[in-house]
Amino acid sequence: MVTAMRYGVVADIHGSRKALTKALRLLESLRIDTLLAAGDIVFDAAGSIAEMLEQAPFTVLAVRGNCDSGGSGLIELPEFRLFPFAGRQIFMTHGHRSTAGEALGLFPGDICITGHTHTPVLQRTRSGIISLNPGSAAHPRGGSTPSLGIIEADSVSIYSIRSKKVMKSLFLEQTEAAFQNRKKL
């Protein structure tokens, strides 16, 4: 049996304590287990952003964005992460270098998380990979609202931080046949 887990996803906070506070409040109300931060967190020399993340009531996994690399050097983050979740793989990177999940060996139903564009995107690619960009919690672009993502075993959604409502959602198939095919490859 798959343990029910809920991941929150943020990106492009750019050091905004106000935006991070609002995102963390919503994520806490949604009862997430783990926060995935897809880069451009931008840690400040005072350590306030790092402290906020350390005090969050859930595990935080982050990757480095293009604006994180030249920061204070307080925290070293990997450029990408790959880990299992509910029978599928999640690949997370900021997206300023690569976003091609197929080239990374991802399979249909796997999830590729990016940030960088500040625009929320949730779609299934032609190859069946779920592409999630949660948008920016601090500086949205393209007429979007501050937003974040939620990943559950059976769905992926993008939430508006302002309205606390789902903007878009995709159902994830949970077919045993799909996971058996993965094992054969």
Grab the Cα-Cα distance for T125 and L30, subtract it from 0.36 nm times how many residues apart they are, and report the gain in nm with one decimal. 31.5 nm
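Estimate the FRET efficiency between M5 and V166 by the formula 1/(1 + (r/R0)^6), using the beta-carbon distance for r and 22 Å for R0, to the nearest 0.05.
After rounding to 0.05, the efficiency reads 0.75.
A short reminder: the numbers here are calculations on the coordinates, not readings from a lab. Since the structure is predicted, the reported quantities are computational estimates derived from the model, not experimental observations. Neighbour counts run over all protein chains shown; Cβ positions are idealised from the backbone, glycine included.
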